[in-house]
Every structure is written in C-alpha cells, then in structure tokens.
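Notes follow once the structure below has been shown.
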C-alpha cells in the first residue's frame, strides 16, 4: 500500500488517530533483482504431463513469467518497491545504456540487464511480458553464449546495481534462478572469487535467495557450490535465506507452479508496526524492541482518485474547503474549533487541549504483572497480535535480557500483563505478552522465530453477550455424507500457508487497474467492478 500521507491534508497528518490499528505499520521498501541463467539446459522446454495443458515451458521462460507476475503484484500492492531482471549466460551483453557515462567503463560479459532495478513502469512491464511470452525480442536476447560465466562477475554486477539504484533500502534481495549446481567445477580461483563477491553482497545488506531447478535425471545439489554463501545465523527467520528450499523439478507447468509458490512465499514485505520502543521490565530497567505485523488481512485499497477523461490517466489532487452555511464564506482553519456534546451542550476545546486529552505518554511497553497462561481465555484475542523482537540500537544487551525473559515465560508457562502504547497519541491498551516457541518444518527450516507476541486484551465495553440463537443440528445421514466431502479437502502437508494463496477479493480490482494502466484492452471499470461480474454472472 502506498504512502497515504501524500493524499491527506496537513491537519489530518498532525492529528493522529487514537486507535492503534493495522494502518499504523510501516512497510519496508523492498528491492528485488532477479538473476536468471540463460543456458542450453535452461532454454530446453520441459514437456507437460498434464493433458489439459500440453504447452511446453522452459525454466528460463518460467522464471521470466515469475518475475512478471511478481512485478504485477508489486506495482499495485507496493508501488514504491523496485524490481529488476538480470540475465546471465547470454550471448549479448548489456549493463547500462551508453548515455550513462558513470558506468561506461565497467564491463560484464554475458550479463544482460533487461529491466533496470527501479520502480516498474508500464512499458517495462509490457517488455517483460513480451519476453516471457516468446516475443520477437526473445529471439535476440535469449541466446546462450556457450561459454562458462563467472558467478563472481554476476554477483559483482548485482552489487553495482544495488549500490547505484537502491543504496538506502532496508530490504535488498537477489533471486538467483539456475539449474547449474556447480558453475565453476574444480576451478578454485573462480570459486574463491565468487565467495568474496557473495561476502561483499552480504556486507552490503543484500540477501541472496537461491531458486534451484533440477535437470531431468539430475537432482540439484546445493552442497557443491551454493551452500558456501554467507548468512547471518543471529538474524530473525523472516530476514534469513531459506537455504533448504527444495529444488523445482518436473515438467513445464509444474515447474512454473513450483517457482511461483516459492517466490510468493518469500516475496512478502516485512511490516514494521513500530521500531525501537522501550520495554520496561521494572524501575530503571529498559530494553529496546521492535514490533511487526506478521498477520494482516489484505483488502482492496484506493490510494487516490484517477481522472480518465484525457489521453493519459492522471492522479486527482483533492482540495477541501470549509464554507459557512449562511453566508457561503470560506472559513479559515483558525476559526474552526472542535467540541464534544455533553448534557445537550457543546463543550469546545482548543487544539492544545485536544492534544493533551489524547496524550497518554510516550510509546512504551510496560510490564505490570504476570499471570499463568491458563488465565488467558481464547476469546480474549480480539485484534491482530504484534510480534516483538529485541533491538540493540538504543540499549546494548537488549537481546540477552529479552532472551532470558522469553525462556522464563516459556518455562513457567506464564504471560506478562503489559501497558502498551504503540505510537504517539495512540490509545493505550492492556495486553498479554506471550512467549512464542520456534517452529520448524519437516526439513528443519525455521518458519516462525522465537519471540514475544503482544495480544491486545478487551476492555469491559468490548465484551458483548452473544445473541440468542436457535441451534439447528443437521440429521445424522447428512452429516455422514458431508464427512466424505470434507475428507477430500486436503491441504498440502495438512497446513494452510497464507503466503501462497492470493486473496480472490483483490484479484478483480487488481486486474482492472492493471488493464487500465497497461492498456491491454478496453474495459469498463463500473461493469468490471460489479458484484455479478466477479461471480461470473451475466
């Protein structure tokens, strides 16, 4: 979601909302660079085993389609993110355009920068779509060089791209898509140079994500080369590289689906709700923590109004003017006062008094007591919990103290009762701080890191009596028949991963916006956004 401040007035920005809701998070700007290998094996189409979809798909084309799909998602959901596509192993070479003199002295043979790392434009999306669909340009670009490409050269090229285009981004990732698990063989000098370049990217703050593809008759072995890439063992799991990801294999359709699933599961931006606020364990004992929203409901959001009456769509800038009812005179801002109704009268407050009424103190998480976990009822979880993790920026040693508190709460099966103010002028809440255990999958990959969860507890007026309803129990024969249907509804590995399934309620607005932006065809927005059309009716 784009930054909403540019569409709000100054008076609205100064007066923050009292409620601490999901809109308070700060989305970390993300820069993703695809490094896709172009070789004879990567260009060889894989026949489809599905009779309904007999089309063949090569790994390179599947990777380009994944980059195109991700670009489609980000250009609407996160329009400030950057995405680039770098092809290596190509016969042609292209880094930056010739008019960019600052990069003219650098040479990266067999590296083709097809899409520069930047906020995607409509034309760049069209070009990538044409390349992924075997357009005329793909015949000239997607030609394997036949020579061995140095991974050190590829990583250094990626380093230059990140340094020049996204120097201050907090999240920078390099997606490598290849089927070559040993690009340098026994050449120790090239291996050493690649390790050095990978270490340079790691020092720069770039995370290397590998998407391995197995060849027919040969399983991709990461231990031969790619396991030597540096990583941070102390980083949280959502900042680490999933190095144990299973390689993609199979025919073209399943290869594309596997790559899309892997990329979608690792392309979700981190949502920082607050950063470096004090966690008070007692008098004069504070540590620093940061909070994240790991779970948030996605919904279609309008960032601005668009005027479609001209040749090109334009963003409408709204202007609000206050006018008196009797004289139609424009009212200045200093003439407006806010008031509350009390006993039939309106009690006016000055702006300073309004700010003092909303001020409950600085942002803080203050522990006021402990309770057993059994005293926390299930229905008390009424809002999205916040995941907190220690930060060493304000208080050195926060990680050690946080770890000790985390282990103590786990051992004693207790929860801390906290006074929680997430941001300035936010309404305080009473929350239960619960320690969460580390969760691993069957391959040992960390899916949920160890940390604390702050669950907002309801106040007295938040609890409502359930309405009286008549319980209708289905007959036993109907329940028995339904049991067979439910048994057929099986999720992979009996678990639901929300990162791999897009929200169907957002697909139609997204597709309509994409159609208008990329001018694929003429679509009437009111008709396309109707409820009957979304259900396929009429």
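Only the coordinates and a few stated rules stand behind these numbers; no lab work does. On a predicted model such as this, the values are computed, not experimentally measured, just so you know. Cβ placement follows ideal geometry from the backbone for every residue including glycine, while neighbour counts extend to all protein chains displayed.
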Q. What length, rounded to one decimal in nm, is gained on full extension from residue 374 through to residue 497, with 0.36 nm per residue of separation minus their alpha-carbon distance?
A. 41.5 nm
Q. Sorted by average packing, counted as other Cβ atoms within 10 angstrom per residue and highest first, what order do 335-341, 189-195 take?
A. 189-195, 335-341
Q | Packing-based ranking, highest mean first, of 383-396, 58-71 given that Cβ atoms within 10 Å are counted | A | 58-71, 383-396
Q) To the nearest 0.05, how large is the calculated FRET efficiency for residue 316 and residue 400 if R₀ is 56 Å and r is the Cβ-Cβ distance? A) 0.60
(Q) At 7 Å along Cα-to-Cβ for each site, give me the label-to-label distance between residue 285 and residue 140 in nm. (A) 6.9
Q.
At 0.36 nm per residue, and after removing the present C-alpha to C-alpha distance, how many nm does the segment from residue 199 to residue 511 gain when stretched out fully?
A. 108.3 nm
Q. Under the classification rounded if a/c is under 1.5, otherwise prolate if a/b is larger than b/c and oblate if not, where does the range 283-356 fall, given a ≥ b ≥ c as square roots of the Cα gyration tensor eigenvalues?
A. oblate
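Could the peptides 400-408, 144-152 be put in order, highest first, of the mean number of other beta-carbon atoms found within 10 Å of their residues? Let's see the in-between values first.
Working: 400-408: 15.2, 144-152: 17.9.
Packing order, densest peptide first, comes out as 144-152, 400-408.
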(Q) Need one number: nm distance between label points at residue 359 and residue 383, each 7 Å from Cα along Cα→Cβ, rounded to one decimal. (A) 2.2
**Q.** FRET efficiency, residue 333 to residue 121 (Cβ-Cβ, R0 51 Å, nearest 0.05)
**A.** 0.85
Q: May I ask you to compute the full-extension gain from residue 347 to residue 324, defined as 0.36 nm times their residue separation minus their alpha-carbon distance, rounded to one decimal in nm?
A: 6.3 nm
Q.
Starting from the 7 Å offset along Cα-to-Cβ, what nm value, one decimal, do you get for the label separation of residue 43 and residue 295?
A. 4.8
Q. For the pair residue 227 and residue 425, what calculated FRET efficiency results from E = 1/(1 + (r/R0)^6), where r is the Cβ-Cβ distance and R0 = 60 Å, to the nearest 0.05?
A. 0.75
